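Structure record follows, encoded as structure tokens.
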Amino acid sequence: MYRAVIFDFDGTIIDTEQHLFEVINQNLKKEGHQPVTLEFYRSNIGGRALPLHNHLVELMGEERVADIYHEHHETSADLKMRPGVFELIQKLHERHVPIGIASSSSRKTVETLVKKLGLTSYISTIKGREDVDEVKPEPDLYLTAVQALNFSPTQCLAIEDSVKGATAAVRAGLDVIVNTNQMTEVSDFSELPLLAKNIDLTTVEARYFNRELS
């Protein structure tokens with residue numbers, strides 16, 4: 001049984017991955033460029049996404065790319081939370097189970113979206129790329145989040161959507177549930193020792209948390 005939960009953010013709490021893919025391609029087409037392919041975009045999910053970023057900068061320049069990311073961040077808060085996420089967060093919060101977020105994205109960006117989604121009071125810690133030397137698939141983000149929650153990795157359950165994210169959590173010593181989205185459903189997770197995959201998140205509290213913790 002576990003004592004805390006650490007969520008990934010992008011693609012796990014809200015489906016920002018599909019959203020960013022669409023925003024990028026809308027802007028590329030608008031300026032007469034070829035859209036990025038699904039395969040190329042998917043290869044960037046879960047980490048720092050430097051190949052994607054560098055490709056966009058080469059086509060449109062730093063300032064224009066910054067505008068695209070800003071558009072993405074400004075409109076992401078309009079997205080609905082993924083199925084079962086809010087229900088699980090509520091159940092954990094009611095039982096005083098600490099909840100963290102470990103994201104390869106900017107912590108400031110995640111904090112802004114968490115606030116807009118009305119989740120601030122539920123989240124005990126948020127760790128982003130500013131807080132570590134290496135993002136996912138390296139374990140640093142999860143280790144930093146675990147330390148902030150004051151638990152050992154084996155006491156924390158990770159919830160992810162991507163291979164890089166799940167790999168980071170496993171390397172950090174956490175058990176992992178993966179719930180894929182449109183972008184990651186084709187990914188190969190077969191080499192990772194997942195606790196579960198594509199399950200109803202509303203069942204997680206009852207399945208994996210000792211009732212005596214209440």
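Summary of computed values
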item: Correct option for Kirkwood radius over Cα pairs in Å [calculated from the coordinates] among (i) 20.5; (ii) 18.7; (iii) 17.5; result: (iii)
item: For the stretch 80-127, the fraction of alpha-carbon pairs in successive 10 Å shells from zero, as %; result: 25, 59, 16
item: For the stretch 1-42 and the stretch 66-117, distance of Cα centres in Å; result: 14
item: Accessible area per residue in Å² at 1.4 Å probe, computed on the chain; result: 48
item: Order of exposure, largest accessible area first, which applies to Glu62, Glu31, Glu191 with probe 1.4 Å; result: Glu191, Glu62, Glu31
item: Over the stretch 7-105, relative contact order from alpha-carbon pairs under 8 Å, at least 6 apart, %; result: 45
item: Exposure of Val170 as accessible area (Å², to 10), given a probe of 1.4 Å and all protein chains; result: 50
item: Residue pairs, from the table Lys136/Lys197; Lys30/Lys115; Lys108/Lys164, whose Cα atoms sit over 27 Å apart; result: Lys30/Lys115
item: Debye, to nearest 20: dipole size of the chain, +1 on Lys, Arg Cβ, -1 on Asp, Glu Cβ; result: 560
item: Proportion of all alpha-carbon pairs of the stretch 163-214 beyond 16 Å (%); result: 47
item: Mean Cα-pair separation over length for the stretch 93-214, i.e. relative contact order, pairs under 8 Å, 6 or more apart, %; result: 19
item: Percentage relative contact order, the chain, counting C-alpha pairs under 8 Å, at least six apart; result: 28
item: Taking N as its residue count, the alpha carbon Rg of the stretch 122-212 over 2.2 N^0.38 Å; result: 1.08
item: Reciprocal of mean inverse Cα separation for the stretch 1-55 (Kirkwood radius, Å); result: 12.8
item: The stretch 36-108 - Kirkwood radius from inverse mean 1/r over Cα pairs (Å); result: 15.1
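The values are calculated or read from the model by the stated rules, or taken from the named source; none is laboratory data. Source: prediction; values computed, not measured. We place every Cβ from the backbone using ideal geometry, glycine too, and count neighbours over all the protein chains shown. Areas reflect the complete protein model, heavy atoms only, side chains present, ligands, DNA and RNA absent. Shrake-Rupley method; radii C 1.70, N 1.55, O 1.52, S 1.80 Å.
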